[in-house]
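Have a look at the structure below before the remarks.
The values are calculated or read from the model by the stated rules, or taken from the named source; none is laboratory data. All of these numbers come straight from a predicted model, not from anything done at the bench. All Cβ positions, glycine included, derive from the backbone under ideal geometry; neighbour counts span all protein chains shown.
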C-alpha cells in the first residue's frame with residue numbers, strides 16, 4: 001500500500017510540475033466549448049439544451065492531450081522500464097497512473113463548467129451532483145485511456161492512434177455523461193439520473209478491473 | 001564447485017522482429033566476481049544486460065541470475081539485480097533528489113530522504129540535487145542514473161557503458177564504485193569499450209561478436225583478445 | 001479447406017438469394033424492401049460471430065501464445081470489419097424506404113457503427129506496431145477490451161434512443177421467410193470463414209517472413225523457443 005501511495009504521489013507531483021501544460025489543455029478545452037457554440041448559433045435556448053454534450057465533447061477531445069502527456073513522462077527516459085525493474089507491480093503502476101489521470105480530467109471538467117455556464121447559461125441547482133458526475137465520467141475515460149496511451153506512446157503515429165482506439169470505446173461514457181449532465185442542467189422530472197449514473201458506475205467498474213488486469217501484459221518488453 | 005553462481009547462462013537468445021540480436025550465449029560468473037563485456041556497437045552487450053535484468057523477455061535459452069530462474073521467476077531476478085541502462089530511467093520534470101526519493105519509496109526502503117541525500121553526495125550531485133533533471137547535462141544524468149542504480153543495493157550490479165558521457169573524475173568515480181561494490185561481496189557485470197580499465201577492475205572477460213560469444217577467459221587477457229575488435233575500432 | 005468453404009459459401013449464398021428474391025412471397029406491409037432482410041440479418045449474425053471468434057483467438061493468443069492464433073485473430077478482425085461495414089450500408093439502405101432517413105440511430109445499427117470504428121482502430125494499431133510480438137499482444141488486449149464494450153454500447157444506445165421495433169426471432173417469422181435466411185446465414189458464415197482461413201495463411205506467412213529464420217541449431221543442447 002505504501003508503494004501505491006508513493007507511486008500516486010509521484011504521478012501527482014509530475015502533473016504539478018508540468019502544470020503549464022495542464023493550463024494549455026484547459027485553454028484548449030475552453031476554446032473547443034467556444035467553437036461548438038458557433039455550430040448552434042446564438043440561440044440561448046438550444047445552447048443551454050446542448051451544453052451537457054458540448055461539455056463532454058470538449059473534455060473528451062482534451063483528454064487525449066492529457067493522457068499522452070502523462071505517458072510521455074514515462075517514455076522520455078524509459079522511466080516505465082526502470083519502474084518495472086525495481087520491481088513495482090504493473091497493477092500498482094496502472095492504478096496510480098489511472099487515478100492521477102482521473103484527477104486531472106476531473107479538474108479539467110470542473111474548470112470547464114464555469115465556462116459552460118458563462119457561454120451557454122448552463123447552470124445547475126445541484127453542483128455537487130454535477131461534480132460527482134464529472135469524476136465518474138473522468139474515471140471512465142481515464143482507465144481505458146491510460147491503457148491505450150501506454151500502448152500508443154510506443155507505437156508509430158501515436159497522435160492519431162490514441163483517439164482512434166479510445167473514442168469508439170467510450171461511446172457509453174459519452175452518452176451517459178451527456179444525458180446525466182443535461183438532466184442536471186435542464187431538470188430531471190422523470191428521475192432518470194440514477195439510471196445513467198448506474199451505467200457510468202458499471203462502465204468504470206468493468207474497465208478499471210479489466211484494464212488493471214491487462215496492463216501487466218502490455219508493458220512486458 | 002561449492003561457490004554459488006551469480007550468473008549461470010545457457011544458450012540465451014533474443015530477437016527483435018526478424019533479427020537475432022543475441023544467440024546461444026552461455027557463460028557463468030561466480031558470486032562476488034566481476035565480468036567485463038566487450039564488443040562492438042550492436043554486438044548485443046546491452047541486450048544481454050537487459051535480458052539478465054529481466055527487462056526483456058527471453059526468446060530462447062535458460063539463465064539463473066543470483067539463484068533465481070530468469071524465465072519463471074523474473075520478479076526475484078529484478079529484486080536481486082540493479083541495471084544502469086542506456087536510458088537514465090528518470091522523470092525529467094522532477095528534481096534529482098525527488099527521483100531518488102521516489103525510487104527509494106517504491107523499493108519499500110525506510111529513510112528514503114536520507115538514502116537519497118547519501119547517494120547524491122556519493123555521485124557528486126549534492127549541489128544540484130534540487131534542480132529538475134531536464135536541466136542536466138548528459139554526464140550529470142549519467143551520475144544520477146548511477147545513484148539510482150546504487151540505491152537498489154542489489155547483489156548483482158550491471159553497468160551498461162558506465163564511462164559513457166563522463167569526465168575524468170567521473171571515470172575515477174566509477175572505478176571507485178566498482179571496487180566498493182566488490183568489497184561488499186557483490187557481483188558486477190560491466191559492458192564497456194574501456195578495455196584496459198575493465199581488465200584492471202574485473203576477474204572475467206567476455207567478448208561478444210554479432211550476438212555470439214567470441215571469446216571468454218580471464219579479464220587480464222582482454223586487451224590482447226579484444227584485438228579481435230580492433231578492425232573496426234581504429235578510433236577507440 | 002479455405003477454398004472449399006468459400007465455394008460452399010458462394011453456392012449457399014446464390015441459392016439463398018435466389019430463394020429470397022424469387023420464391024419467398026412478398027411481405028405484406030413492407031413489400032420487396034423486406035427482402036434485404038435475407039442478407040442483412042445473416043450479415044449481422046456473422047459480424048458478431050466473427051468478432052466473437054476474433055475475441056477467442058485474442059484470448060488464446062494471450063494465454064497460450066503461438067503465431068497461429070495471432071494470424072487468425074488478424075484475419076477474423078478484418079472479416080468482422082468488412083461485415084460491419086456492409087451491415088452499416090445495408091442498414092442505411094433499409095432505413096431509407098422504411099423510415100425515410102438513411103440513418104435512424106437504431107441501437108443495433110449504431111452499435112455496429114461503433115464496432116466498425118473500434119475494429120478499424122485495432123487494425124490501425126496492428127499496422128502501427130512493427131514488432132510482431134508487441135503487435136500480437138497489444139492487438140489481442142485491444143480486441144478483448146473492444147469486445148466487452150459491444151453490449152455496453154448496445155444498451156446505452158438503446159436507453160438513449162428507446163423508440164424502436166423489437167428484434168424478431170425466427171419463431172415469429174413463417175417458413176418461406178426462414179429458408180433464405182438460414183441458407184444465407186450459413187452461406188455468409190462459410191464464405192467469410194473460408195476467406196478468413198485464407199487470409200490467416202497470408203498473415204502467418206508475413207509474420208514468418210518478419211520473424212526471419214528460427215534460431216540456428218546450437219551445440220548447447222536442446223533449446224526451447226518461446227513465442
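Exactly one residue out of A:35, A:23, A:8 is surrounded by 12 or more Cβ atoms within 10 Å (Cβ to Cβ), assigned to a helix (DSSP H, G or I) and either more than 9 Å from chain B (Cβ to nearest Cβ) or at negative phi (or both): that is A:8.
Among the residues of the range C:52-71, which ones are in a helix (DSSP H, G or I) and either over 16 Å from residue C:147 (Cα atoms) or touching a strand residue (DSSP E or B) at 6+ places or on another chain (Cβ under 8 Å) (or both)? Matches in the range C:52-71: C:63, C:67, C:68, C:69, C:70, C:71.
Among the residues of the range B:109-116, is there at least one that is away from every other protein chain (no Cβ under 12 Å), crowded, with 22+ Cβ neighbours inside 10 Å and either at pLDDT 95 or above or in contact with a strand residue (DSSP E or B) (Cβ under 8 Å, 6 or more places away or on another chain) (or both)? For the range B:109-116, residues away from every other protein chain (no Cβ under 12 Å), crowded, with 22+ Cβ neighbours inside 10 Å and either at pLDDT 95 or above or in contact with a strand residue (DSSP E or B) (Cβ under 8 Å, 6 or more places away or on another chain) (or both): present. Across the range B:86-101, the qualifying residues are those that are closer than 20 Å to residue B:157 by Cα and facing chain A (nearest Cβ under 7 Å), and the one among them that is surrounded by the fewest Cβ atoms within 10 Å (Cβ to Cβ) is B:87. Filter the range A:151-204 for residues that are at pLDDT 90 or above and not in a helix (DSSP H, G or I); which is farthest from the chain's Cα centre (by Cα)? Taking the candidates together, the pick is A:153. Considering the conditions (1) at the interface with chain C (Cβ under 9 Å from one of its Cβ atoms); (2) farther than 30 Å from residue B:56 by Cα; (3) crowded, with 23+ Cβ neighbours inside 10 Å, residue A:211 is excluded by exactly one of them, (2).
Conditions tested, residue by residue: (1) within 11 Å of chain C (Cβ to nearest Cβ); (2) surrounded by fewer than 24 Cβ atoms within 10 Å (Cβ to Cβ).
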{"site": "A:148", "(1), (2)": "yes, no"}
{"site": "A:153", "(1), (2)": "no, yes"}
{"site": "A:158", "(1), (2)": "yes, yes"}
{"site": "A:165", "(1), (2)": "yes, no"}
{"site": "A:172", "(1), (2)": "yes, no"}
{"site": "A:176", "(1), (2)": "yes, no"}
{"site": "A:179", "(1), (2)": "yes, yes"}
{"site": "A:186", "(1), (2)": "no, yes"}
{"site": "A:190", "(1), (2)": "no, yes"}
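Scanning the range C:89-115 for residues that are buried (at least 18 other Cβ atoms within 10 Å of the Cβ) and within 14 Å of chain A (Cβ to nearest Cβ) turns up C:107, C:109, C:110, C:111, C:112, C:113, C:114, C:115. The residues of the range A:85-96 that are in a helix (DSSP H, G or I) and either more than 7 Å from chain B (Cβ to nearest Cβ) or within 18 Å of residue A:12 (Cα to Cα) (or both), listed by number, are A:90, A:91, A:92, A:93, A:94, A:95, A:96. Picking from residues in the range C:116-158 that are under 22 Å from residue A:196 (Cβ atoms) and more than 8 Å from chain A (Cβ to nearest Cβ), the one that is surrounded by the fewest Cβ atoms within 10 Å (Cβ to Cβ) is C:151.
Based on this model, can you work out whether residue A:124 counts as more than 12 Å from chain C (Cβ to nearest Cβ), surrounded by 18 or more Cβ atoms within 10 Å (Cβ to Cβ) and farther than 30 Å from residue B:47 by Cβ? For residue A:124, the condition - more than 12 Å from chain C (Cβ to nearest Cβ), surrounded by 18 or more Cβ atoms within 10 Å (Cβ to Cβ) and farther than 30 Å from residue B:47 by Cβ - is met. Given the criteria closer than 30 Å to residue C:65 by Cα, at pLDDT below 95 and away from chain B (no Cβ under 14 Å), does residue C:179 qualify? When the stated conditions are applied, residue C:179 does not pass them.
Could you list, in sequence order, all residues of the range C:97-110 that are over 17 Å from residue C:38 (Cα atoms) and part of a helix (DSSP H, G or I)? C:99, C:107, C:110 - these are the residues of the range C:97-110 that are over 17 Å from residue C:38 (Cα atoms) and part of a helix (DSSP H, G or I).
Taken over the range C:9-57, residues that are more than 20 Å from residue C:189 (Cβ to Cβ) and at pLDDT 90 or above amount to 0.
Of the residues C:80, C:118, C:85, the single one that is under 18 Å from the mean Cα position of the chain (by Cα), outside any loop (DSSP other than H, G, I, E, B), modelled with pLDDT of 95 or more and closer than 30 Å to residue C:26 by Cβ is C:85.
Within the range C:56-69, the set of residues being within 14 Å of chain A (Cβ to nearest Cβ) and in contact (Cβ under 8 Å) with a residue 24 or more places away in the chain comprises C:58, C:59, C:61, C:62, C:65. Does residue C:16 satisfy being more than 18 Å from the chain's Cα centre (by Cα) and closer than 24 Å to residue C:147 by Cβ? For residue C:16, the condition - more than 18 Å from the chain's Cα centre (by Cα) and closer than 24 Å to residue C:147 by Cβ - is not met.
Evaluating residue B:60 against the criteria (1) in contact with a helix residue (DSSP H, G or I) (Cβ under 9 Å, 6 or more places away or on another chain); (2) buried (at least 20 other Cβ atoms within 10 Å of the Cβ) leaves one unmet condition, (1). What single numbered condition from (1) assigned to a loop (DSSP other than H, G, I, E, B); (2) under 17 Å from the mean Cα position of the chain (by Cα); (3) surrounded by fewer than 23 Cβ atoms within 10 Å (Cβ to Cβ) fails to hold for residue B:54? Residue B:54 satisfies all of (1) assigned to a loop (DSSP other than H, G, I, E, B); (2) under 17 Å from the mean Cα position of the chain (by Cα); (3) surrounded by fewer than 23 Cβ atoms within 10 Å (Cβ to Cβ) except (3).
Looking only at the range A:137-146, residues that are under 19 Å from residue C:151 (Cβ atoms) and more than 9 Å from every other protein chain (Cβ to nearest Cβ) come to 2 in all. Do the conditions hold for residue B:80, that is, is it more than 7 Å from every other protein chain (Cβ to nearest Cβ), on the phi < 0 side of the Ramachandran plot and in contact with a helix residue (DSSP H, G or I) (Cβ under 8 Å, 6 or more places away or on another chain)? So residue B:80 does not fit the description; no. All conditions but one from (1) within 24 Å of residue B:165 (Cβ to Cβ); (2) within 18 Å of the chain's Cα centre (by Cα); (3) assigned to a loop (DSSP other than H, G, I, E, B) apply to residue B:83; the one that does not is (3).
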